[in-house]
Amino acid sequence: MEVHRIEIPTPYAVGTVNAYLLPGSPLTLVDAGPGVPGTWEALAEGLARAGVRLAELDRLVLTHPHHDHAGLARRVRDASGCRVFAHPVDHARLRGEPGVWEGIVGFLDEVCRRAGVPEGYRRELRQSMERLRGHTLPLDEVEPLDEGDEVCTDQGCWRVLHTPGHARGAVCLWDPRERTLISGDTLIPHISSNAVTEPGQGTFRTRTLPAYVASLRRIRELGCRRVLPGHGEAMGDPTRLIDERLAFHERRAADILRRIPPGGAIPWDLVRALFPGVEPGWVFLAVSEVVGHLDLLADQGRVEWDGQEGTWTVNRRGREDVGTVGREDGRTLGR
Ligand SMILES: [Zn+2]
Ligand SMILES: [Zn+2]
């Protein structure tokens, strides 16, 4: 089965995004690119190279609701009448239901507030989120896609794997015959995926990085021969890459642990030490990175950290020797 890759430009730091046309009928596209100028033409040209017109698409499968993947979904649906599928946890967001986007912005702002991020940064965050809002037009209809479902064409079936972490509703498509995985942003060759902080169900926030690490371990066990990622080139057996990513998260957690002074720290101290040049508009990514690694450290029993309600401070646990400590060192390392 030959999957056709369509590379679409984005205005984001991540570079281009990949959409994939599955072989066979019904005609199925996976992801669609962001809703910004120039991307529609790139998608149409990519499909034309595969001998397909946009209007002929039968189905659009979204790996997750981020703008670079779901932005054009509404236009694709309007142009083709195709059915659109995504994980149910993201349907309200994809439909643009009243208050959902405001809820996301309010949640990220509150995460940053609890993490100690200054108001100036948070103001820019709210403004940049307002600009992003227009990059995805709301869908009128979206259908569920969840663990255990199959996306079948007359050439074969792809199993849906729910792989939360990078997004709560992230899914991968797995072809067990060809041992090929369409990984969305859950596994990208050239960058480590951010486990973006998201609201919890019954808790203030979801512990996204521990979930992401579990998803990576699950993919490692699949025995993939080929991975088609949401960004960058296709790759072969991803075992080594996954091991590198898991080791990276261990190293980053240890680095953060070293920067916690004996009296404890607030996440913002750690964000500044780790990402001294963080862009205010994207500060929630840096906060997610620190908060996620604090979750990993808490699971290992190395810090006292909850990061749900109340004031967010983190303290080391026990007397583990983690090397140099102190705010001064943190500052030096952060340059
Ligand atoms: Zn994403
Ligand atoms: Zn992406």
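Every number in this text was worked out from the coordinates using simple rules, so none of it is lab data. Since the model is a prediction, treat every value here as computed from it, not as a measurement. Neighbour counts run over all protein chains shown; Cβ positions are idealised from the backbone, glycine included.
Specify the inter-centroid distance of the stretch 123-161 and the stretch 186-252, based on alpha-carbon positions, in whole Å.
So the two Cα centres are separated by 18 Å.
Expressed in nm to one decimal, what extension gain is obtained for the pair Thr239 and Ala13 from 0.36 nm per residue of sequence separation less their Cα-Cα distance?
78.8 nm
What number results when the radius of gyration of the chain, computed over Cα atoms, is divided by 2.2 N^0.38 Å?
Normalised Rg, Cα atoms only: 1.02.
Do any cysteines of the chain lack a neighbour Cys whose Cβ is under 4.7 Å away, and which are they?
Those would be Cys82, Cys112, Cys172, Cys224, since no other cysteine Cβ in the chain comes under 4.7 Å of theirs.
Along the stretch 110-125, what does the Karplus equation 6.51 cos²θ - 1.76 cosθ + 1.60 (θ = phi - 60°) give for ³J(HN,Hα), rounded to whole Hz, x for Gly and Pro?
Computed from phi, the couplings for the stretch 110-125 are 5, 4, 5, 4, 5, 7, x, 5, x, 4, x, 5, 5, 4, 5, 4 Hz.
Relative to the longest principal axis of the C-alpha atoms of the chain, give the angle of the C-alpha long axis of helix 283-299, reported between 0 and 90° and rounded to the nearest 10°.
For helix 283-299, the angle is close to 70 degrees.
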